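Chemist: Sharing a structure here in structure tokens format.
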Amino acid sequence: MAPVILVLNSGSSSIKFTLYAGTQVLLRGQVSGLGAEPHLTLKSHVSGEAVDRALNREEGETHAAALSALLPLLEAELGRRHVDAVGHRVVHGGITYSAPLRITENALYKLRSLIPLAPLHQPHNLAGVEAARAAFPKALQVACFDTAFHRKHPWVNDTFALPRSYYDEGVRRYGFHGLSYEFICSHLRERMPEAYAGRVVVAHLGNGASMCAIRDGQSIGSTMGFTALDGLPMGTRCGQLDPGVVLYLLTTKGMTAEEVSDLLYKNAGLKGLSGISQDMRTLSESDDPRAAEAIEYFVFRIRRELGAMAAVLGGLDTIVFTGGIGENSIPIREKVCDDLDWLGLKIDRDRNEAQEQDISAPGSAIRVLVIPTNEEEMIRRHTEALLQV
Ligand code: ADP
């Protein structure tokens, strides 16, 4: 029988979940507002039934409580079947983990030791793991890392120009969004092998945004670095920033580390620049010039990184747009690709408007693709593979 796999993405205040039987999605949903105003939304892809209701405080106090509240709904969907394995999105695999990992007590201990590398995400990911171990004690638990896809970066793209001891202790350019990039690569390998074999840049443009330079299916560079703050500006994160700005905030402005962290993670990016919203749809529909400027900066940074990645790759054959903005925003794709004839890139406006998969103009030396990403499916595949070992 097809294995039943639950995929969990546990964040600071939410758990997103997808339940699969083999490759079929049985249901999908999320608990949001953990610890504050917990709310459950869920949709069965089998019966079409939906749940959309507030949870009481106790049910939504912790990840463990939320999973317990969810259990009867999962069991109702499964009938006599049970969950064989749970696949978890875990942001950081550190230096050691370049592949998905079967979670044991010992592995969990090692993953906890990586909390200092991702203090805002790793503890919540691991809270989800512990909750799932308690809720499904017989199921295999698997950690799939956002950093794993990037672990073979060449040294120059892995290091900062700091004394060596920092590199040795793990201060490196890890890169994130690896599960998304891996999914796009597998899509290319299966359906467009000639593109897979070439020099590819993937732009994952969502609330979080990054770009990845890929050759022969391997990441050789990412715009994200030690944390998911670096590179492109995002919904609320700043993207590339002179470290001198952080020193200025700490010393001259007298801000605490926590205040700086809040500023850079939660109040910068599109939200900070526009003063209006972190949401690209809202900004695109706004007449306010600050919204237009925030979009202009977003596009400017993408184009800058694209040029850098083309140089690192020694040329470019394919660009893939993905993520909420990359998949849906016709004007952002157009602005990013505008006037790139010098690079040999031209998009077809009609194809772009029609949201086609291949939006390159005839004769464009560079193929421009729009491919929806699916990180949950990638976690499912990894989990199923370990289930069969
Ligand atoms: P996350 O990183 O949280 O998974 P998503 O990949 O869902 O985020 O992307 C969310 C972003 O995509 C938001 O800024 C949203 O406004 C944007 N987006 C979604 N649809 C559109 C659209 N049609 N036009 C412009 N932006 C869009």
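Chemist: Nearest 10 degrees, 0 to 90: what angle lies between the long axis of helix 178-191 and the longest principal axis of the chain (Cα atoms)?
Modeler: Its long axis makes an angle of about 80 degrees.
Chemist: With each pseudo-label sitting 7 Å past Cα toward Cβ, what's the THR96-SER186 distance in nm, one decimal?
Modeler: 2.5 nm
Chemist: Once you order the gyration tensor axes a ≥ b ≥ c over the Cα atoms, which shape class does the chain get: rounded for a/c under 1.5, otherwise prolate or oblate by comparing a/b with b/c?
Modeler: The shape class here is rounded.
Chemist: Turning to a different aspect of this structure: By the gyration tensor of its Cα atoms, with a ≥ b ≥ c the square roots of the eigenvalues, what is the shape of the range 1-151: rounded for a/c under 1.5, prolate for a/b over b/c, or oblate?
Modeler: Oblate, because a/c is 1.5 or more while a/b does not exceed b/c.
Chemist: Report the gain in length on full extension from ALA365 to ALA311: 0.36 nm times residue separation, minus Cα-Cα distance, nm rounded to one decimal.
Modeler: Contour length minus the Cα-Cα distance gives 17.9 nm.
Chemist: Next question, about the same structure. Determine, from the Cβ-Cβ distance of GLU293 and MET1 and an R0 of 56 Å, the FRET efficiency 1/(1 + (r/R0)^6), rounded to the nearest 0.05.
Modeler: 0.50
Chemist: To continue, here is another question. Starting from the Cα of LYS110, draw a straight line to each of the lysines and keep only those under 22 Å, dropping any in the same chain fewer than 8 residues away.
Modeler: Result set, ordered by chain and number: LYS138, LYS152.
Chemist: So, by mean Cβ neighbours within 10 angstrom, what's the order for 299-306, 275-282 with the highest one leading?
Modeler: Order by mean packing, descending: 299-306, 275-282.
Chemist: DSSP loop (so not H, G, I, E, B), at most 15 other Cβ within 10 Å: list which GluC sites (Glu not before Pro) in the range 134-201 pass both filters.
Modeler: Passing sites in the range 134-201 are GLU169.
Chemist: Follow-up. Based solely on its DSSP helices, what 222 nm [θ] is calculated for the chain when runs of n ≥ 4 H residues each add -39,500 (n - 2.57) and the sum is averaged over all residues, nearest 500 deg cm²/dmol?
Modeler: -11000 deg cm²/dmol
Chemist: Peptides 199-208, 101-110, 148-157, 172-181: what's the order by average Cβ count within 10 Å, highest mean first?
Modeler: Ranking the peptides 199-208, 101-110, 148-157, 172-181 by packing returns 172-181, 199-208, 148-157, 101-110.
Chemist: May I pose another question? By how many degrees, between 0 and 90 and to the nearest 10, does the Cα long axis of helix 63-78 differ from the longest principal axis of the chain?
Modeler: 80 degrees
Chemist: Further question: Setting aside same-chain residues fewer than 8 positions from LYS43, which aspartates and glutamates have a Cα under 13 Å from its Cα?
Modeler: Here the aspartates and glutamates satisfying the reach criterion relative to LYS43 are ASP52, GLU77.
Chemist: Let me make sure I get this right: for the range 255-357, a, b and c are the square roots of the gyration tensor eigenvalues over alpha carbons, sorted descending. Under 1.5 in a/c it's rounded, otherwise prolate if a/b > b/c, else oblate. Which is it?
Modeler: Cα axes put the range 255-357 in the oblate bin.
Every number here is computed from the coordinates shown, using simple stated rules; none is lab data. Here the structure is a predicted model, which is why all the values come from computation and not from measurement. Ideal geometry is used to build each Cβ from the backbone, glycine not excepted, and the neighbour counts take in all protein chains shown.
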